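The values are calculated or read from the model by the stated rules, or taken from the named source; none is laboratory data. Values in this document were obtained by computation on a predicted structure and should not be read as measured data. All Cβ positions, even for glycine, are placed from backbone atoms using ideal geometry, and neighbour counts span all protein chains on display.
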Amino acid sequence: MSSSVSSPAAGARGPWAWVPSLYFAQGMPYVVVMTLSVIMYKNLGISNTDIALYTSWLYLPWVIKPLWAPLIEMVGTKRLWIVALQFVVGAALAMVALTLPMERAFQMSLAVFWLMAFASASHDIAADGFYLLALEQHEQAAFVGVRSTFYRVANIGGQGGLVWLAGELHDRGGDWTLAWQGVMAVLAGSFLLLAAYHLWRLPRPAIDRAVPPDQRGGSAFLSIFIAFFRKPGILVTLGFLLLYRFPEAQLLKLATPFLLDGVDQGGLALSNQEVGLAYGTIGLVALTLGGLLGGWIISRVGLRRALWPLVLAMHVPNVVFLAMAWSHPGSLAVISAALAVEQFGYGLGFTAYLMYMVLVADGPHKTAHYAMCTGFMALGMMIPGMWSGWLQDQLGYLHFFGWVLIATIPSLAMTALIRVPEGFGRKESDA
């Protein structure tokens, strides 16, 4: 029963006291590194080619995080790692604010974003591990929607509220550098307060302890990797993990620049405030609703039956970007509606991808193998994103979005090759 979720027996440090804030803290540095950095550099006059190339490299820590996951598992407690890394992220945000007025602001701020990305990827490992240690299995199931929701809230706050704040500060002061300094300073202060809150509020589960030094051998670590690559059909699995998001990896890097660029450059000439509303708020609300519906559909019919409808729901709505690049709608309401359709479809389709990773990771090493799946997912986002800015510069927005639609073919081909057991993901009846 779910009564323990809200029962007084759960104590002063029950899940509601820390699960929402922990997953908000997990989502915020990711959206800063992967999304806010793109918008900030666009406002500061960096070219699309450089933005896409250099910010795509910031995916790398999430790609390779399985390499140091055993270190976080064996040394210290997950609680200690969480709090320490949150203080590091807060300090890194303050350092970004300090680098922006400097002569080589682009290079120096990128270096700090690298530090933040490694800290955030490491925090993901510790936070997910702590969640599994601090909650009973029935509580983990009860709060899986809560953690997902507050991760999305961080995305909405970052892409919506903070982009709007940057635009407001610019309108008042006329200087993008000062505007983004203010945003990063607000973020830094907020994150340091969040770290202090977790230092006080996170529970101290008895099983959250370091592994004894005599049990930290390398053979166990190596066997986990070998077991992953010996899974049946692993080559098809890796192809699916790398190519499922192939079109999105290219679209994502150029979506915001397309909304911000002037009509003479092929863009829609929106302000930061309008992007924050249309893409960062309305779009992300639609994304969340699509994700919830996708999860519900899988729970009703299973992943195998839902797979193709969800895959098509993810890729077909990309046509709205091609339509906007062709027609250049001047109405914010029309643009917002188009983005809501695209994001809703993406939310639907992404649930299929997540459930397939759960299927692949199933076994005695679920945590490590799921981390490896997410590493290949990040690699599949990083590499196509690196060339997307150059490609858009060569083709223009209209033809680039046409290419994105063609790029769905590898994803569809890999979907046709994977095998999903009948009934996987479907909720069984209480009986």
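Hey, does the range 347-357 have a residue that's crowded, with 22+ Cβ neighbours inside 10 Å and closer than 16 Å to LEU405 by Cα? Yes: the range 347-357 contains one or more residues that are crowded, with 22+ Cβ neighbours inside 10 Å and closer than 16 Å to LEU405 by Cα.
Contact annotation: residue pairs with Cβ atoms under 9 Å, 6 or more positions apart or on different chains, pairing a residue in the range 344-356 that is at pLDDT below 85 with a partner that is of a type in the set (Ser, Thr, Tyr), are GLY347/THR288. The number of residues in the range 318-342 being within 15 Å of GLY402 (Cβ to Cβ) and not aliphatic (A, V, I, L, M) comes to 4.
Before we move on, is GLY402 modelled with pLDDT of 85 or more and touching a Gly at 6+ places or on another chain (Cβ under 7 Å)? Taking the combined requirement at face value, the residue does not satisfy it. Contact map, the range 76-100: first residue within 16 Å of ALA121 (Cβ to Cβ), second residue not in a helix (DSSP H, G or I), Cβ cut-off under 7 Å, separation 6 or more or different chains; pairs are LYS78/ASP208; ILE82/LEU202. When the range 317-334 is filtered for residues that are within 23 Å of the chain's Cα centre (by Cα) and touching a residue at least 60 places away in the same chain (Cβ under 8 Å), the ones remaining, listed by number, are ASN318, VAL319, PHE321.
Return the residues of the range 235-269 that are buried (at least 21 other Cβ atoms within 10 Å of the Cβ) and not in a helix (DSSP H, G or I); say none if nothing qualifies. Listed by number, the residues that qualify are TYR244, ARG245, LEU268.
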